[in-house]
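Here is the structure we will look at, set down as structure tokens.
The values are calculated or read from the model by the stated rules, or taken from the named source; none is laboratory data. All of these numbers come straight from a predicted model, not from anything done at the bench. We place every Cβ from the backbone using ideal geometry, glycine too, and count neighbours over all the protein chains shown.
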Amino acid sequence: MNKIVAALCGLTLSAAAGAQNAMPVLELNAGFHRIEAEVAATDQNRQVGLMNRKAMPPQRGMLFVFPQENTHCMWMRNTLIPLSVAFIDADGVIINIENMQPQTEDNHCAKVPARYALEMNLDWFAQRGIKPGMKLKGIEKAPRPQ
């Protein structure tokens with residue numbers, strides 16, 4: 001009986017630890033397209049990003065909030081799903097969009113200093129006609145980077 005109780009306690013602690021690492025979700029809008037963006041605003045969350053995930057719902061993505069504007073670069077080490085990334089300035093305007101293939105280490109960089117990067121499933125932006133110069137709504141509600 002003690003083994004069962006110990007196992008259940010271990011599961012509860014593991015679930016609690018996982019919940020502490022859960023990222024907040026922020027609703028963004030690109031035109032009339034709704035995005036549910038997990039927000040990676042800490043160093044640890046930015047480093048892990050979407051690694052090791054096998055799928056992502058179509059309306060879901062990840063917003064990386066950087067401490068300062070820079071020509072940030074993204075790569076796909078340990079990332080299993082193909083993604084498109086939009087680099088975004090401090091005002092929410094898309095600078096450039098790059099396509100990224102799974103499990104590669106090619107750098108995909110902002111063409112000018114960016115404050116954010118938004119990763120979505122591959123071709124999500126292109127399929128919806130979302131291009132550089134367009135503005136995302138709701139990005140001003142993103143938490144401050146840590």
Taking first residues from the stretch 116-142 that are hydroxyl-bearing (Ser, Thr, Tyr) and second residues anywhere that are part of a loop (DSSP other than H, G, I, E, B) and surrounded by 13 or more Cβ atoms within 10 Å (Cβ to Cβ), the pairs with Cβ under 9 Å that are 6 or more apart or on different chains are TYR116/HIS72; TYR116/ASP89; TYR116/ALA90; TYR116/GLY92; TYR116/ALA142
Over the stretch 31-75, the set of residues modelled with pLDDT under 95 and closer than 18 Å to PRO132 by Cβ is GLY31
Name every residue in the stretch 30-42 that is over 13 Å from the mean Cα position of the chain (by Cα) and over 22 Å from ALA126 (Cα atoms), in order of residue number. none
For the stretch 89-145, how many residues meet the condition of being farther than 14 Å from GLU69 by Cα and either in contact with a strand residue (DSSP E or B) (Cβ under 6 Å, 6 or more places away or on another chain) or not in a strand (DSSP E or B) (or both)? 38
Name, by its number, the condition in (1) surrounded by 13 or more Cβ atoms within 10 Å (Cβ to Cβ); (2) modelled with pLDDT of 95 or more; (3) out of contact with any Gly (no Cβ under 7 Å at 6 or more places or on another chain) that does not hold for ASN107. (1)
Positions within the stretch 36-85 being in a helix (DSSP H, G or I) and among the basic types (Lys, Arg), in sequence order: ARG46
Residue satisfying condition, being among the acidic types (Asp, Glu) and surrounded by 13 or more Cβ atoms within 10 Å (Cβ to Cβ), within set GLU38, GLU27: GLU38
